[in-house]
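The values are calculated or read from the model by the stated rules, or taken from the named source; none is laboratory data. Nothing here was measured: the structure is a model prediction, and the numbers come from that model. Positions of Cβ are generated from backbone atoms using ideal geometry, with glycine treated the same way; all protein chains shown enter the neighbour counts. All accessible areas refer to the heavy atoms of the entire protein, side chains included, with ligands and DNA or RNA removed. Shrake-Rupley method; radii C 1.70, N 1.55, O 1.52, S 1.80 Å.
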Amino acid sequence: MPLKIAILGRPNVGKSTLFNRLTGSRRALVHDTPGLTRDRIEGEAQLFDLNFRIVDTAGLEVGLDGPLSDRLVALGLAALDKADLALFLVDARAGVTALDEDIATLLRRQTKPVVLIANKCEGRLAEGEAFDAWRLGLGEPLNLSAEHGLGLGDLADILRPHVEAMAARETDAPATGEGDGEDEPLRLAIVGRPNTGKSSLVNRLLGEERQLTGPEPGLTRDSITSPWQWRGRTIQLVDTAGLRRKARIDEKIEQLSASATIRAIREAHVVLLMLDATQALEKQDTTIANLVLDEGRALVIGVNKWDLVEDGKETLAEIRHRLKHRMSQLPDLPFATFSVQTGQGLKRLLPTIVETRDRWATRITTARLNRWLEAALGENPPPRAQNRQIKMRYATQASTRPPTIAIFANKPSDAIPASYLRYLAKSFTSHFKLEGVQVRIVIRHKENPYHDARS
């Protein structure tokens, strides 16, 4: 494993900006609002020729009353415990605060090395204020501007011995064979309305309090990726912010969170839509499900809080009924019922997800495709268009993930009723047992080169 570095500090000192700078991404949400980051976000970082892992953390509010502040501090310290080194950021423009001093006192008790950084040193005034950080007792502060990329060379000089020492230890260590199996990690995005148990599920699977959880709605704001090994296969668990109806999203922060969730859906292989068993499959749930299918992702329905259901059979029948009527284009979606709190039913969840991913990536031979097409046309022939019979002569699979079937016909796609294309998609899904996969049917039509020729 490469060197792991945790970025620590009070809220709004530029931790997420530095994370994005070092990872060359926009994975961490950045806004003027203090306390935007609440969960740990990890990423691969590169600083000139140095490669390491970087961890963005929530702002530490040491000494403040309140259960949320206590949980945020605990998560930040947990990140430090799993890291090899810490970058402690202070705001040079604002100067050293009492909260900075409390955090410094906490960090001096730790055994991990700490690099003190005076961030936001874009001008001489800020550089002068940065000298005040000497009194924190963590050595000479490094003047840096994460927003403008100033001081990164000096940071690289400080980190180089640590990165090289870790690389030397890795070279000497025997290979463990961990992560053997599938070459490509399965990327699983966990989405849903607020408070359905998404972060609790991630923590349960990882076996640690990795994500911030609690009764307060909207705790998760970023899309957090956590690598995980399951039966020798690497799975990237992506926890996301809860999606509410657009009409209810009126704050800039929630808009940023919703955009991050939608981006996570687009980058996923499989999307697990988490439902609350006590209020399963509301209108917003079907809106999210349709978004997933429109993006071509594989979809699994996960019904959490099953331990709170009094009549399981009746609730299950109601969910199936709503799926049939609200998701008519794909009524046979795979789903699993479970309780994150008790662990009931979770053993069936991952096999369902992996099987759905494999169906989503299915490739079918041309011979089998054309035997299916012949049978489908025989069972329900295509209608006439412009007083001519539509003829579909040949089918081939244009791509996978999701399966995309190209059918060559004597008429363009706009001449073929959408209802008939839906029939072909459902027939294909049923014939090849691809439940839960949104199949795309593409009509290819070659114009007659003699259509406009004159004698």
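Only residues that are surrounded by 15 or more Cβ atoms within 10 Å (Cβ to Cβ) and at pLDDT 90 or above: list them for segment 315-350, please.
Ala336, Thr337, Phe338, Ser339, Val340, Gly345, Leu346, Leu349, Leu350
Inspect segment 31-49 for any residue being at negative phi, in contact with a His (Cβ under 6 Å, 6 or more places away or on another chain) and either open to solvent by 10 Å² or more (accessible area, probe 1.4 Å) or at pLDDT 70 or above (or both) and give the result as yes or no.
Checked segment 31-49: no residue is at negative phi, in contact with a His (Cβ under 6 Å, 6 or more places away or on another chain) and either open to solvent by 10 Å² or more (accessible area, probe 1.4 Å) or at pLDDT 70 or above (or both).
Based on this model, can you work out whether Ala361 counts as open to solvent by 50 Å² or more (accessible area, probe 1.4 Å) and among the small types (Gly, Ala, Ser)? If you could, list the steps in order and put the result at the bottom.
Working: open to solvent by 50 Å² or more (accessible area, probe 1.4 Å): no; among the small types (Gly, Ala, Ser): yes.
No.
Can you pull out the residues in segment 134-162 that are within 16 Å of Thr23 (Cα to Cα), open to solvent by less than 60 Å² (accessible area, probe 1.4 Å) and under 31 Å from the mean Cα position of the chain (by Cα)?
Result: Ser145, Ala146, Gly149, Leu152, Leu155, Ala156, Leu159.
From the list Pro449, Pro381, which residue is in a loop (DSSP other than H, G, I, E, B), farther than 23 Å from Glu355 by Cβ and at pLDDT 90 or above? First the steps, then the outcome.
Values: Pro449 fails: at pLDDT 90 or above.
Every option except Pro381 fails the conditions.
Considering each residue of segment 264-314, count those that are closer than 12 Å to Ala189 by Cα, open to solvent by 10 Å² or more (accessible area, probe 1.4 Å) and either among the β-branched types (Val, Ile, Thr) or part of a loop (DSSP other than H, G, I, E, B) (or both), and give that number.
Residues meeting the conditions: 2.
Only one of these conditions is not met by Arg388: (1) open to solvent by 50 Å² or more (accessible area, probe 1.4 Å); (2) at negative phi; (3) in contact with a helix residue (DSSP H, G or I) (Cβ under 6 Å, 6 or more places away or on another chain). Which number is it?
It fails just one condition, (3).
Please go through (1) small (Gly, Ala, Ser); (2) modelled with pLDDT of 85 or more; (3) over 24 Å from Thr356 (Cα atoms) for Ser413 and return the number of the only condition it doesn't satisfy.
The one condition Ser413 does not meet is (2).
May I ask you to verify whether Leu99 is at pLDDT 80 or above, crowded, with 21+ Cβ neighbours inside 10 Å and more than 21 Å from the chain's Cα centre (by Cα)? Don't jump to the end; show me each part of the working.
On the way: at pLDDT 80 or above: yes; crowded, with 21+ Cβ neighbours inside 10 Å: no; more than 21 Å from the chain's Cα centre (by Cα): yes.
So Leu99 does not fit the description; no.
Checking the structure you have, find out if any residue of segment 247-256 is open to solvent by less than 40 Å² (accessible area, probe 1.4 Å), in a loop (DSSP other than H, G, I, E, B) and at pLDDT below 85.
yes
Take segment 315-334 and flag every residue that is among the charged types (D, E, K, R) and in a helix (DSSP H, G or I). Please lay out each step first, then the result.
As a first pass, look at segment 315-334 and keep what is among the charged types (D, E, K, R): 318, 320, 322, 324, 326, 332.
The answer is Glu318, Arg320, Arg322, Lys324, Arg326.
Restricting segment 12-30 to residues that are on the phi > 0 side of the Ramachandran plot and buried (at least 17 other Cβ atoms within 10 Å of the Cβ), which is modelled with the highest pLDDT?
Our first condition is that a residue be on the phi > 0 side of the Ramachandran plot; within segment 12-30, this holds for 12, 14, 24.
Pick out the ones that are also buried (at least 17 other Cβ atoms within 10 Å of the Cβ) and you get 12, 14.
On the way: Asn12: 85, Gly14: 89.
Of everything passing the filter in segment 12-30, Gly14 is modelled with the highest pLDDT.
Mind checking which pairs have a first residue in segment 365-380 that is within 13 Å of Tyr394 (Cα to Cα) and a second that is open to solvent by 40 Å² or more (accessible area, probe 1.4 Å), Cβ under 7 Å, 6 or more apart or different chains?
Hits for this filter: Asn370/Tyr394; Trp372/His431.
Please go through segment 392-414 and pick out each residue that is closer than 17 Å to Asn380 by Cα and in contact with a His (Cβ under 9 Å, 6 or more places away or on another chain). It would help to see each step written out before you state the result.
Within segment 392-414, the first condition is being closer than 17 Å to Asn380 by Cα, and the residues that meet it are 392-395, 407, 409.
Listed by number, the list holds a single entry, Ala409.
A quick yes/no check of all residues on (1) surrounded by fewer than 19 Cβ atoms within 10 Å (Cβ to Cβ); (2) closer than 30 Å to Pro185 by Cβ:
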{"site": "Thr352", "(1), (2)": "yes, yes"}
{"site": "Arg357", "(1), (2)": "no, yes"}
{"site": "Ala367", "(1), (2)": "yes, no"}
{"site": "Glu374", "(1), (2)": "yes, no"}
{"site": "Tyr394", "(1), (2)": "yes, no"}
{"site": "Pro402", "(1), (2)": "no, yes"}
{"site": "Ile407", "(1), (2)": "no, no"}
{"site": "His445", "(1), (2)": "yes, no"}
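Looking at segment 427-445, I want the residues that are touching a residue at least 24 places away in the same chain (Cβ under 8 Å) and within 17 Å of Tyr394 (Cβ to Cβ) and have a partner that is outside any loop (DSSP other than H, G, I, E, B) and acidic (Asp, Glu) with Cβ atoms under 8 Å, at least 6 apart or on another chain. Which pairs are those?
Within 8 Å, the pairs are Ser427/Glu379.
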